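Some notes on the structure that comes next.
The values are calculated or read from the model by the stated rules, or taken from the named source; none is laboratory data. Just so it is clear, the structure is predicted and the values come from calculations on it, not from any experiment. Every residue, glycine among them, receives a Cβ derived from its backbone with ideal geometry; neighbour counts consider all protein chains shown. The area values use the complete protein model at the heavy-atom level, side chains included, leaving out ligands, DNA and RNA. Shrake-Rupley method; radii C 1.70, N 1.55, O 1.52, S 1.80 Å.
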Amino acid sequence: MKNWTVDASGANARLDAWLAGRQEIGSRGKAREAIACGKVYVNGAEATFDDAGRRLAGGDRIGFWPDRPGSSRPRRRDIVAARRALAVVYEDEAIVVVNKPPGWLVEPLPGEEAGEATLLDLLADHLRHRQGLRPLVVHRIDRDTSGLVLFALTPSARDVLKAQFERHAPERTYLAVLNGRPVPPRGTWRDRLVWDKERLVQKRAHADEERARDAEARYRVVDQFDWQALVEVSLVTGKRNQIRAQAGSRGHALVGERQYRFGRPRDEAHEPEFGRQALHAARLAFTHPVTRRRVEFTAALPDDMKGLLRKLRGTHAGQPQRPQRAQRPSR
């Protein structure tokens, strides 16, 4: 890497103009290209697109790494701007565990690979300077579900991990805020579900339906409020939208749920407004594909769900317990 220190004559110059005066770069256009490709550093930090117009100060340290691995192509502006959304919980040479914020797709939808930025794009940007490593999807969670997602960094690690998920070996625990009062407060949900390819939803299926698959989850009520409950759900199987479908079909749609209501409209008088389904992937445990040791990761609730619980706890503490109509057991 070539390193320079800005002297008094360069103070207040734009970064791209200052770089254009270096023999190794030679023009403002090439300076902007070097910045876009991640080859320029200012005071030890990689320069961003916006830094091209940054005014320099005397003593600033400028670095130029012309052959930096992964810097042959310019970065996408939207991905660079969204880097703060990537929260890496753990990474090594085989796996990466990420705490996904709500609102992000894990990977692009079919046919939309050049569309909106996804968690896979952010992770690829994070790894772009580590030669020979690229993120590979192992499993997914819904766009509006937050929490832990596992990626592999080599095909062999992906194959080992996918085989574990097919055997239902990993432990996947979620926290959900449901409407109503699950009865009993601890139990198991067992269903036959079938994916509706036209409506893109899970449906409860007849026992003999050919495409139906078993869906099983264990739950326990962590905190019961007047009209909602904080519930811990541990997946035994791992079907798409499984928790949302199983809870909703029992009359306990998640707070914020828009799809799995099963004909029951939102109770505007008692269900608080929430911008997404209140579901968070809080714990993930599996066997490491290389070391073969059991590893476990956790992710705290995001701020929006913490705020929802504060609101529910405040309402519950300030009002007498309201009587509720008897509900059928949640099994």
Q: Identify the residue in the stretch 140-166 that is over 25 Å from ARG292 (Cβ atoms) and among the polar types (S, T, N, Q) and, among all such residues, is farthest from the chain's Cα centre (by Cα).
A: THR145
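Residue by residue, here is whether (1) at pLDDT below 85; (2) in contact with a Gly (Cβ under 8 Å, 6 or more places away or on another chain); (3) within 26 Å of LEU127 (Cβ to Cβ); (4) not aliphatic (A, V, I, L, M) holds:
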| residue | (1), (2), (3), (4) |
| --- | --- |
| ASN12 | no, no, no, yes |
| CYS37 | yes, no, yes, yes |
| GLY44 | no, yes, yes, yes |
| THR48 | yes, no, yes, yes |
| ARG55 | no, no, no, yes |
| GLY58 | no, yes, no, yes |
| ARG68 | yes, yes, yes, yes |
Q. Of the residues ARG83, ARG73, ARG77, ARG68, which single one is open to solvent by 60 Å² or more (accessible area, probe 1.4 Å), in contact (Cβ under 8 Å) with a residue 12 or more places away in the chain and more than 25 Å from the chain's Cα centre (by Cα)?
A. ARG73
Q.
So, in the stretch 138-168, how many residues would count as being open to solvent by less than 20 Å² (accessible area, probe 1.4 Å) and in contact with a helix residue (DSSP H, G or I) (Cβ under 8 Å, 6 or more places away or on another chain)?
A. 8
Q. When LEU123 is evaluated against the numbered criteria (1) open to solvent by less than 20 Å² (accessible area, probe 1.4 Å); (2) assigned to a loop (DSSP other than H, G, I, E, B), which criterion, by number, is the only one it fails?
A. (2)
(Q) Pairs needed: first member in the stretch 284-296, more than 24 Å from SER146 (Cβ to Cβ); second member anywhere, modelled with pLDDT of 95 or more and open to solvent by 80 Å² or more (accessible area, probe 1.4 Å); C-beta distance under 6 Å; at least 6 residues apart or different chains. (A) THR287/ARG294
Q) How many residues are open to solvent by less than 70 Å² (accessible area, probe 1.4 Å) and either under 32 Å from the mean Cα position of the chain (by Cα) or aliphatic (A, V, I, L, M) (or both) when one looks only at the stretch 1-43? A) 19
Q) Out of all the residues in the stretch 54-65, which are open to solvent by less than 30 Å² (accessible area, probe 1.4 Å) and either without any contact (Cβ under 8 Å) to a residue 40 or more places away in the chain or among the charged types (D, E, K, R) (or both)? A) ASP60
Q. So GLU171 clears everything in (1) in contact with a strand residue (DSSP E or B) (Cβ under 9 Å, 6 or more places away or on another chain); (2) buried (at least 18 other Cβ atoms within 10 Å of the Cβ) except one condition, right? Which one?
A. (2)
Q: Only strands (runs of 3 or more DSSP E) wholly contained in the stretch 138-206 count here; list those with 2 or more residues that are in contact (Cβ under 8 Å) with a residue 40 or more places away in the chain and more than 24 Å from ARG250 (Cα to Cα).
A: 146-152
